[in-house]
1. Output the residues belonging to region 323-361 that are small (Gly, Ala, Ser) and within 21 Å of residue 194 (Cα to Cα).
2. Identify, by number, the condition in (1) surrounded by fewer than 19 Cβ atoms within 10 Å (Cβ to Cβ); (2) under 25 Å from the mean Cα position of the chain (by Cα) that residue 390 doesn't meet.
3. Where the second residue is open to solvent by 20 Å² or more (accessible area, probe 1.4 Å) and the first is outside the structural domain of residue 187 (by TED's automatic domain parsing) and lies in region 377-406, which pairs have Cβ atoms under 7 Å and are six or more apart or on separate chains?
4. Would you be able to say whether some residue in region 188-199 is open to solvent by 10 Å² or more (accessible area, probe 1.4 Å), charged (D, E, K, R) and over 17 Å from the mean Cα position of the chain (by Cα)?
5. When you scan region 193-312 for helices (runs of 4 or more DSSP H) that lie fully inside it, which ones turn up with 3 or more residues that are within 13 Å of the ligand (Cβ to nearest atom)?
6. With the structure loaded, tell me whether residue 233 is modelled with pLDDT under 95 and over 19 Å from the mean Cα position of the chain (by Cα) or whether it fails that test.
7. Conditions first: (1) open to solvent by 60 Å² or more (accessible area, probe 1.4 Å); (2) more than 25 Å from the chain's Cα centre (by Cα); (3) within 22 Å of residue 418 (Cβ to Cβ). Residue 168 passes all but one, so which condition is the exception?
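The values are calculated or read from the model by the stated rules, or taken from the named source; none is laboratory data. This one's a predicted model, so the numbers in the text were calculated from it and none came from an experiment. Note: ideal-geometry Cβ built from the backbone for every residue, glycine included; neighbour counts use all protein chains shown. Side chains included, ligands, DNA and RNA excluded: accessible areas come from the protein's heavy atoms. Shrake-Rupley method; radii C 1.70, N 1.55, O 1.52, S 1.80 Å.
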Amino acid sequence: MEQKFLELKKKLSEVAAVNSAAAVLGWDQQVYMPAGGAEARAASVSALEEIAHVKFTSDETGRLISETYGWAQGLGEDSFEASFLRAARRDYDRAIKLPAEFVGEFSRATSATINAWTGARAASDFAAFAPHLQKILDLNLRKAEIFGYKASPYDALLDLYEPGATKAALEPIFKKLADGLKPVIREINARAGSVSNELVKGDFDENTQLALVNEVVGALGYDFNRGRQDRSAHPFTTDFSVNDVRITTRTHRDYLPAAIYGSIHECGHALYGQGTPKNFEFTPLAGGASLGMHESQSRFWENIVGRSLPFCRWLLPLLRKHFPGKFDKVGAEELYSAVNRSAPSMIRVESDEANYNLHILLRFEIETALLEGRLKVADAPEFWNARMREYFGITPAKASEGILQDIHWSLGAIGYFPTYTLGNLISAQLAEKLNTDLPGWKELPERGDFAPILNWLRKHIHSQGRKYLPEQLLKRELGEGIRVEPFLNYIQDKYSKLYGF
Ligand code: MG
């Protein structure tokens with residue numbers, strides 16, 4: 001039996017190797033490739049994806065999985081083999097369900113939609129995008145039917161990004177969160193202008209910004225022998241292997257936090273990848289438990305660590321070193337205020353910690369209503385704008401700063417947005433657990449001593465890879481499922497002190 005397991009392992013490692021090669025091409029496309037290379041690159045990537053898909057979904061793979069599954073489970077739930085087979089079977093069952101024609105149709109539709117979205121957003125013309133959005137919704141409904149679901153088609157889609165999550169389980173969580181956030185946002189808005197971020201605006205050389213953020217992520221524990229940082233239009237992290245996890249950042253010449261916090265965010269994702277055990281390399285166990293769990297790592301470092309006062313105390317001398325003269329008269333408390341300034345924003349990705357999750361709630365409401373036929377595509381912009389007024393007291397003047405702002409739907413992803421909020425909630429739960437396991441940890445960043453924090457995350461989260469579903473992992477390591485209170489307490493505490501309410 002062990003022989004068959006090794007056969008399966010070899011086969012899946014070849015699939016992973018092909019996927020890794022495709023990822024290198026994807027990284028190059030966003031970082032270095034000249035625009036002219038787009039067509040040939042798309043052909044190369046889709047050829048590699050096809051090879052990986054055919055190899056993975058072969059009858060041979062299915063036979064080896066079913067022949068070794070019971071044997072592996074007999075070795076104990078936590079064993080490498082049992083976890084390997086659980087992950088492999090989940091991936092395989094999903095991959096064989098989608099007919100090749102459907103995959104092709106989905107891929108053509110998303111290509112056309114991305115093009116349409118780019119034009120529609122530039123012209124702020126929702127009507128031009130609407131038929132494409134309808135097509136994406138129809139295809140996602142078909143996808144949900146293919147995968148199957150109990151209560152809502154949304155569950156089948158959500159499960160692609162956050163295994164085990166359901167609309168019914170998320171609704172009360174999101175409601176509790178919104179009920180807790182709204183009064184905090186009201187108090188902040190009543191004191192709008194009392195916190196300024198002028199000191200992080202100015203003229204900052206972009207190469208110097210890159211040198212700064214390289215130093216920052218290096219200090220956090222990002223291993224440059226097993227990764228590198230470049231610039232791209234949208235920051236991202238990509239794993240080619242346990243030993244090659246790359247990040248990108250973006251620099252704004254006139255606004256320093258974009259590079260600093262974009263970098264720390266991606267570094268959080270990359271620390272998860274670089275913390276994958278070596279023996280998980282090119283197996284179904286490599287990677288994170290879910291997108292939400294991944295986002296918990298990026299948000300933990302970006303916000304809970306990176307936007308804390310002790311971190312600002314550590315960061316300030318670095319800013320002075322890289323930008324001589326610019327921060328001489330600035331104190332750490334002022335820097336802390338500046339990087340935590342809160343204000344309602346039309347744009348999700350520019351939104352602060354207090355407001356961010358209501359942007360996600362709005363998208364969750366609109367996606368579920370569209371998918372369940374309770375809302376027509378033509379009425380979606382008004383739904384969007386009404387929620388913006390209700391949650392933030394602002395109305396988008398045009399669709400480009402409203403319903404057309406995100407790329408996710410154009411990529412075919414419905415049910416992806418909730419993972420961002422789950423990540424925020426989990427990040428605060430991790431911080432709460434650290435209070436018990438590593439007393440005084442919040443002060444460590446002031447000394448640049450990040451290793452004990454990283455080691456804790458390595459032990460409890462990173463080292464588990466994809467062995468467990470996210471909810472299982474939380475219960476094992478934190479002794480609880482998703483909870484809203486730690487995040488609400490964190491937000492309430494932070495902003496009431498900052499804004500004096
Ligand atoms: Mg992220």
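1. Listed by number, the residues that qualify are 331, 332, 337, 338, 342, 343, 345, 351, 354.
2. (2)
3. none
4. Yes; the residues of region 188-199 include at least one that is open to solvent by 10 Å² or more (accessible area, probe 1.4 Å), charged (D, E, K, R) and over 17 Å from the mean Cα position of the chain (by Cα).
5. Those helices (runs of 4 or more DSSP H) span 257-274, 291-299.
6. no
7. Residue 168 satisfies every listed condition except (2).
Residue by residue, here is whether (1) at pLDDT below 95; (2) open to solvent by less than 10 Å² (accessible area, probe 1.4 Å); (3) in contact with a His (Cβ under 8 Å, 6 or more places away or on another chain) holds:
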{"residue": "338", "(1), (2), (3)": "no, yes, no"}
{"residue": "350", "(1), (2), (3)": "yes, no, no"}
{"residue": "355", "(1), (2), (3)": "no, yes, no"}
{"residue": "373", "(1), (2), (3)": "no, no, no"}
